[in-house]
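Asks: Have a look at the structure that comes next, please.
No value in this document is a laboratory result; all are computed from the given coordinates. Just so you know, these numbers come straight off a predicted model, no measurement behind them. Cβ coordinates were reconstructed from backbone atoms using ideal geometry, including for glycine residues, and neighbour counts include every protein chain displayed.
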Amino acid sequence: MKVNVAICDDNEIFCNQIKEFIERFNKENNTNCEVSTFNSGFDLLGQYTAEYKIIILDIEMKGMNGIETALEIRKKNQKVIIWFLTVSKDYMLEGYKAEAFRYLIKPLSYDDFAKEFDESIRGVDEKYVRPIIVEYKNETYHLETNDILFIEVFGHKLIYHLLNEKITTIDTLKNIEIELCKLNFVRIHRSYLINLKKVKTFNRNEVVMKNNERIPISKYKEKDFKEAYTHLWGKILG
C-alpha cells in the first residue's frame, strides 16, 4: 500500500534529513512511502489533501506552530497519523489535544526514527484497512475504528456510538473485544467498551467521552482502564 507522508518544518535541513530517513526505510523494509515537504503550517494547510496518511510536524515554527497546524488538520481528518518532533518537552500536553501518535525529541537518530516509523505504518494499516463490518436489519455498515467513541451493551444488542449517530446490531462484546483492545479500546464496565483516544476527561468513577457522554468505570475494571490509558499515553509521549 502506498503511504503519502507530509513533513512540515521551517528548517529545510531537518526536512531533508527526515525525507532521507524515510527513503532509507523504504529500501530496508520494502515499503512505498512518498514524501512531500513543507516549510510552514500555512503551506501545508494550503496544499493539504486527505491522501496524506502520516504528517510529521515541527512544533516551534514561525507564523502557525505545529500544534495549531495539527488542530486544523484534525478538523479535516480524524484518521491521519500525526507526529510532533521538537527540541522541547514543553508542549506534550498540547500535543495530546491533537491526538498525536508520537511526540519525539530532536535530534533523532535513524534507528530511533525507524522503530517509531514502523509503528506508524502499522497504525496506517489499522486505521485505513480494517473497518468493522456491522450488520443489522438487512443493512451492512463499514465502521472505521477511529470513528467509534464507545460500544454499549443493551440487552442482546450492541450499540456503536459514533460522534453524530448510533448503530445497533445483534452481537456480544466478547466477539469484538479481543480485536478492538489491540486498537486502543478497553472495557471499563461489563456494558461498555470505550475508545481511549476519544476520552475527553476522567476520574476514578467515570470517563467523559468527546461527545460529553458519561460512562461509569467499574471498580473491577479501574486497574485495566488505568493501565491501558497509561500505555496509550506512553505511546503518544514516546
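Asks: Using the alpha-carbon centroid of each, what span in Å lies between region 10-59 and region 170-208?
Replies: 33 Å
Asks: Per the helix-only calculation at 222 nm, which mean residue ellipticity applies to the chain, given -39500 (n - 2.57) for every DSSP H run of n ≥ 4 and division by its residues, nearest 500 deg cm²/dmol?
Replies: Working: 7 runs with 85 residues, N = 238.
Using -39500 (n - 2.57) per qualifying helix, the result is -11000 deg cm²/dmol.
Asks: For His142, His161, what's the fewest-to-most ordering of other Cβ within 10 Å of each Cβ? Numbers along the way, then the final one.
Replies: Details: His142 8, His161 21.
Exposure proxy ranking, most exposed first: His142, His161.
Asks: Continuing with this model, one more query. With each label point set 7 Å from Cα along the Cα-Cβ vector, what nm distance links Glu12 and Thr140?
Replies: Label-label distance for Glu12 and Thr140, simple model: 5.2 nm.
Asks: To continue, here is another question. For Lys223, which lysines qualify as cross-link partners when the Cα separation must be under 21 Å and same-chain residues fewer than eight apart are set aside?
Replies: Cα-Cα hits under 21 Å: Lys174, Lys182, Lys197, Lys198, Lys200, Lys235.
Asks: Kindly state, to the nearest 0.05, the FRET efficiency for Lys182 paired with Tyr220, given R0 = 22 Å and r defined as their beta-carbon distance. Don't jump to the answer; show the numbers that get you there.
Replies: Values: r = 22 Å, r/R0 = 0.98.
So the FRET efficiency works out to roughly 0.55.
Asks: Can you give the FRET efficiency for Thr172 and Lys89, using 1/(1 + (r/R0)^6), R0 = 45 Å, r = Cβ-Cβ distance, to the nearest 0.05?
Replies: Numbers: r = 43 Å, r/R0 = 0.95.
So, using R0 = 45 Å, E works out to roughly 0.60.
Asks: Using only alpha-carbon positions, what ratio does the radius of gyration of the chain give when scaled by 2.2 N^0.38 Å? All intermediate terms of the calculation are to be shown ahead of the outcome.
Replies: On the way: Rg = 18.9 Å, N = 238, 2.2 N^0.38 = 17.6 Å.
Here the Cα radius of gyration is 1.07 times the empirical estimate.
Asks: How much length is gained if the chain between Thr201 and Met1 is pulled fully straight, taking 0.36 nm per residue apart and subtracting their Cα-Cα distance, in nm to one decimal?
Replies: Working: separation 200, 0.36 × 200 = 72.00 nm, distance 3.55 nm.
Contour length minus Cα-Cα distance gives 68.4 nm.
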